[in-house]
Every structure is written in C-alpha cells, then in structure tokens.
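Peer 1: Here it is: the structure, laid out below.
The values are calculated or read from the model by the stated rules, or taken from the named source; none is laboratory data. All values derive from a computational prediction rather than experimental measurement. Reconstructed Cβ throughout: ideal geometry from the backbone, glycine too, with neighbour counts over all protein chains shown.
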Amino acid sequence: MAGAIRVVLGALVVALAVYCAIDPFKQSSMADFPNFETYFMYQPDWSEVPSARDTEDKLQKAEIMFQNQIQGPESIAFDPLGRGPYTGIADGRVVFWNGSSIIDFAYTSPNRSELCDPKPSVFSYLKNEHICGRPLGLRFDKKTGDLYIADAYFGLLKVGPEGGIATTLATEAEGEQFKFTNDLDLDDDGNVYFTDSSTRFQRRNFIQQILSGEPTGRLLKYNPKKKETTVLLRDLYMPNGVSMSKDKSFVVFCEGPLGRLSRYWLKGEKTGTSEVFVVLPGFPDNVRTNDKGEFWVAIHFMRTKFSHFFSRHTSFRKIMLKLPIPAKYHYLALIGGRLHGAIVKYSPEGELLEILEDRQGKVVKVVSEVEEKDGKLWMGSVLMPFVAVY
C-alpha cells in the first residue's frame, strides 16, 4: 500500500512539473513571459530593518479628496504660483484642481480616443495604457512654469504653463528604448534626472517585474541644452522615485524590490558614484524633498517574512511563478494579504525622523507619493480613486 502511494505521489509530482513547464492553459502569472528568469534580490537582515511603527495609525485621520473624480493619481505637484494639486491619472490625462473643480491640463498621447473614456476602476485602463498614455512622475520647472512629465509609455515629455499636448523630449538612451519611464526631478540648470524602471516589462506588467526581480532599470540624465540623454546608472532593481537633495549635491532614487533609497553624487569628491542611502521598513514607490531638505518616501507595502524569503530564494520563486496562480495572488501574499498605507521621513543625512501609517488600510490604503506643502501632506496612489491629505 505504501509503495502504491509513493508511486501515485511521484506521478503527481511529475505531472505537476510537466504542467508547469508547458503551462498549457496559460494560467501562470508569467504566461506572457515564457522565457522569464528570476533574480536574487538582496534583502538586509531583520536587525537592519527599521522597527519604528506608528501605533496611533495617524494616517486614518487623513482627509479624502476628489473621491471617484480621478483614478490612480500617482504624482502630486503644485505649479510655481502655488496652484494645484496637479496629478497624472489612469486615463492618460494630467488634471488639476483650479479651486472649485478638477479640470484637464495636459495629455501625453496624441492618439486619444473613446478607449480612454472614464471607466469604473483604475485597473480598467491597463490594456489601453500604451494608447492613452500613463503620466507618472510630475515636476514643474520653477523658473519657466513648464511641467515635465515621465509617462510610462511615451517617455520624458514637457508641456508649457498653459497645458495641452505634451512635447516629447526623450524616448531612448544609448540606442535602447525606454520601456517604463517612471519619475523625475530637475536641477537648477534644467537638467532632468529620471528613471526607466525596466528594459523588458511595461508598467501594465509591474507585478510581473516585481515578482521576477529583473535588474534592468536605469537612472538617466536629460540635458535640455544639448538635447541628449545619458545613462548614469544601469542594472537597477525597478528604480522609481527620484528627488534632488536641497543643496543639489546628490539625487536620491528608490529601488522598489530591494526596499532601499540610494543616492547618486552630482558634486564633491564622490561625483559620479552611488551608494545605499537608507534601508527602508518597506518597499518604496516615490520620494520627495521638502523645504527643509528632508525626504518623504511613500512605502508601497511593508516588509513581511514571506517577502523576505520570496526575494532571496530564486528557485522557489520560479517554481511558484510557473504554477497556475494569477499574479494578483502572489502580490497579495507579498504584502501580507491586505493594503497598508505608510510614509516615512528621513533627514538629509539619512536619519529616520517620522513614520505615519494606516496599518489596517481603512483610510489611506496605499501611497505612491507624498508631497509636503504648507503644513499638509498630499498623498497620491496609483491604485486608488482619490487624493489623501494629512
């Protein structure tokens, strides 16, 4: 009897292996990427991870604004006159609050159609993002009033103070097209520092990129005078948010799957080199510098024991990704089963100053970016239909 059981179990294991290898019904989370690989994603020891928590869940006191008037407001910006907020949303528009209503400001795609019309949820736009555009990072040039836009599909763009159709500035660097333009910031000379999160995955497959851990992202610089784009760093793990230090001596950028903030030196004896700036309590999205030179980091989700194990063990991860399990369930496992809003503030030297959370995800479920203005924290989320203000 025992021998028969072993035979049956062996047959089941072989059948499962064959099924995973060929994925006949295309049900695995990586079905559209049959030749995918998994990569080791370094994770620090738990002793190195910040243990501070917001036991008061202060973000639950945030005010929800523009509920269901906008879908997926990723980045928050105010123009040089203090007007706004401006934000890029899931249907490809950049909109802004004029004091009484949300109105259109700019578009990144010249080919908009009824495909881009309002839909019931942020996920309804995914299949047409490459047509409608997906504006992510936004920054104003304080001298000219021009708005610079990182569109996930259309690259680096710029639109004047009056808005309209944005002008393309860059779509490739060193002969390689941008696949997932994500965020940006400007220095005093108008140079734009921005990220291309992947050379393989588009934004609509960001979960697959996180799961595979592929390190093909780049930190780039666009010189508006020469109209040239150069690669500053390559082989990065889904680089996302970008922000200049107040003194403009370095630029910080997020590497989401590694849960860290790094900096690239622009001045001084370390010019042209990079280093880890801070280890974060979770996996970041965007980062923004306030008037004091402090850095606010939006945490997409907090670290879990499972995410720690999942990141380090590439063979286990590859087997899991070949099983007939949709990507969203892997994602839910990584984040601990529910959304958890969190933002953290660091000093210019990298000291943890403050953490604000909504651990139950009751009000601020997830944060993509936090912009500090006039004593308020404006929080956008690529997954939510509102802006939260604390």
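Peer 1: Inside region 36-50, can you point out the residues that are closer than 20 Å to residue 351 by Cα and of a type in the set (D, E, K, R)? If you could, list the steps in order and put the result at the bottom.
Peer 2: Going through region 36-50, the residues closer than 20 Å to residue 351 by Cα turn out to be 43-50.
Selection gives 45, 48.
Peer 1: If we scan region 76-91, do we find a residue that is out of contact with any Lys or Arg (no Cβ under 6 Å at 6 or more places or on another chain), exposed (fewer than 12 other Cβ atoms within 10 Å of the Cβ) and at pLDDT below 95?
Peer 2: Within region 76-91 (the criterion being out of contact with any Lys or Arg (no Cβ under 6 Å at 6 or more places or on another chain), exposed (fewer than 12 other Cβ atoms within 10 Å of the Cβ) and at pLDDT below 95), the answer is no, since none of the residues qualifies.
Peer 1: Against the definition (more than 24 Å from residue 321 (Cα to Cα), among the aliphatic types (A, V, I, L, M) and in the same structural domain as residue 91 (by TED's automatic domain parsing)), how does residue 156 come out, yes or no?
Peer 2: Values: more than 24 Å from residue 321 (Cα to Cα): yes; among the aliphatic types (A, V, I, L, M): yes; in the same structural domain as residue 91 (by TED's automatic domain parsing): yes.
Considered against the rule, which asks whether it is more than 24 Å from residue 321 (Cα to Cα), among the aliphatic types (A, V, I, L, M) and in the same structural domain as residue 91 (by TED's automatic domain parsing), residue 156 comes out as yes.
Peer 1: Select from region 364-390 the residues that are in a loop (DSSP other than H, G, I, E, B), of a type outside the set (A, V, I, L, M) and out of contact with any strand residue (DSSP E or B) (no Cβ under 6 Å at 6 or more places or on another chain) and list them in ascending order. Walk me through it before giving the result.
Peer 2: Keep residues of region 364-390 that are in a loop (DSSP other than H, G, I, E, B), which gives 364-368, 374-375, 381-386, 390.
Still in the list and also of a type outside the set (A, V, I, L, M): 365, 368, 374-375, 381, 385-386, 390.
Within region 364-390, 374, 375, 381, 385 qualify.
Peer 1: Is it fair to say residue 235 is under 20 Å from residue 218 (Cβ atoms), in contact with a Gly (Cβ under 9 Å, 6 or more places away or on another chain) and surrounded by fewer than 16 Cβ atoms within 10 Å (Cβ to Cβ)?
Peer 2: Here the answer is yes, as residue 235 does meet what is asked.
Peer 1: Among strands (runs of 3 or more DSSP E) lying entirely in region 20-114, which contain 2 or more residues that are hydrophobic (A, V, I, L, M, F, W, C)?
Peer 2: Per the criteria, 63-65, 93-97, 102-107.
Peer 1: Scan region 267-276 and give yes if some residue there is assigned by TED's automatic domain parsing to the domain that holds residue 218 and in contact (Cβ under 8 Å) with a residue 60 or more places away in the chain, otherwise no.
Peer 2: Within region 267-276, not a single residue is assigned by TED's automatic domain parsing to the domain that holds residue 218 and in contact (Cβ under 8 Å) with a residue 60 or more places away in the chain.
Peer 1: Quick check on my filter: what residues within region 305-363 are acidic (Asp, Glu), out of contact with any helix residue (DSSP H, G or I) (no Cβ under 8 Å at 6 or more places or on another chain) and assigned to a strand (DSSP E or B)?
Peer 2: 354
Peer 1: Regarding residue 114, is this residue exposed (fewer than 13 other Cβ atoms within 10 Å of the Cβ) and over 24 Å from residue 297 (Cβ atoms)?
Peer 2: Against the criterion (exposed (fewer than 13 other Cβ atoms within 10 Å of the Cβ) and over 24 Å from residue 297 (Cβ atoms)), residue 114 qualifies.
Peer 1: Taking the condition of being under 25 Å from residue 204 (Cβ atoms) and not β-branched (Val, Ile, Thr), how many residues in region 226-242 meet it? Before you say what the answer is, go through the steps one by one.
Peer 2: Applying the first criterion (under 25 Å from residue 204 (Cβ atoms)) to region 226-242 yields 229, 231, 233-242.
Imposing the further condition that a residue be not β-branched (Val, Ile, Thr) reduces the set to 233-241.
Counting residues in region 226-242 that are under 25 Å from residue 204 (Cβ atoms) and not β-branched (Val, Ile, Thr) gives 9.
Peer 1: Return a yes/no flag: does region 56-65 have any residue that is touching a Cys at 6+ places or on another chain (Cβ under 9 Å), among the acidic types (Asp, Glu) and more than 16 Å from residue 372 (Cα to Cα).
Peer 2: The answer is no, given that none of the residues of region 56-65 is touching a Cys at 6+ places or on another chain (Cβ under 9 Å), among the acidic types (Asp, Glu) and more than 16 Å from residue 372 (Cα to Cα).
Peer 1: So, one more: Among the residues of region 1-51 satisfying the criterion of being among the aliphatic types (A, V, I, L, M), surrounded by 12 or more Cβ atoms within 10 Å (Cβ to Cβ) and modelled with pLDDT of 60 or more, which is farthest from residue 304 (Cα to Cα)?
Peer 2: 31
Peer 1: Within region 254-264, is there a residue that is touching an Asp or Glu at 6+ places or on another chain (Cβ under 6 Å), under 21 Å from residue 152 (Cβ atoms) and surrounded by 16 or more Cβ atoms within 10 Å (Cβ to Cβ)?
Peer 2: So far as region 254-264 goes, no, none of its residues is touching an Asp or Glu at 6+ places or on another chain (Cβ under 6 Å), under 21 Å from residue 152 (Cβ atoms) and surrounded by 16 or more Cβ atoms within 10 Å (Cβ to Cβ).
Peer 1: Something else now. Looking at (1) modelled with pLDDT of 95 or more; (2) farther than 18 Å from residue 238 by Cα, find the lone condition where residue 298 falls short.
Peer 2: (2)
Peer 1: If a residue has to be in contact (Cβ under 8 Å) with a residue 24 or more places away in the chain and among the β-branched types (Val, Ile, Thr) to count, how many in region 145-176 make the cut?
Peer 2: Matching residues across region 145-176 total 3.
Peer 1: So, restricting to strands (runs of 3 or more DSSP E) that lie completely within region 214-298, which ones have at least 2 residues that are farther than 19 Å from residue 173 by Cβ?
Peer 2: Fully inside region 214-298 and qualifying: 239-244, 250-255, 260-265, 274-279, 282-289.
Peer 1: State the number of residues belonging to region 71-91 that are under 18 Å from the mean Cα position of the chain (by Cα) and farther than 21 Å from residue 242 by Cα.
Peer 2: Result for region 71-91: 2.
Peer 1: Does residue 151 count as acidic (Asp, Glu), under 21 Å from residue 112 (Cα atoms) and under 21 Å from the mean Cα position of the chain (by Cα)?
Peer 2: yes
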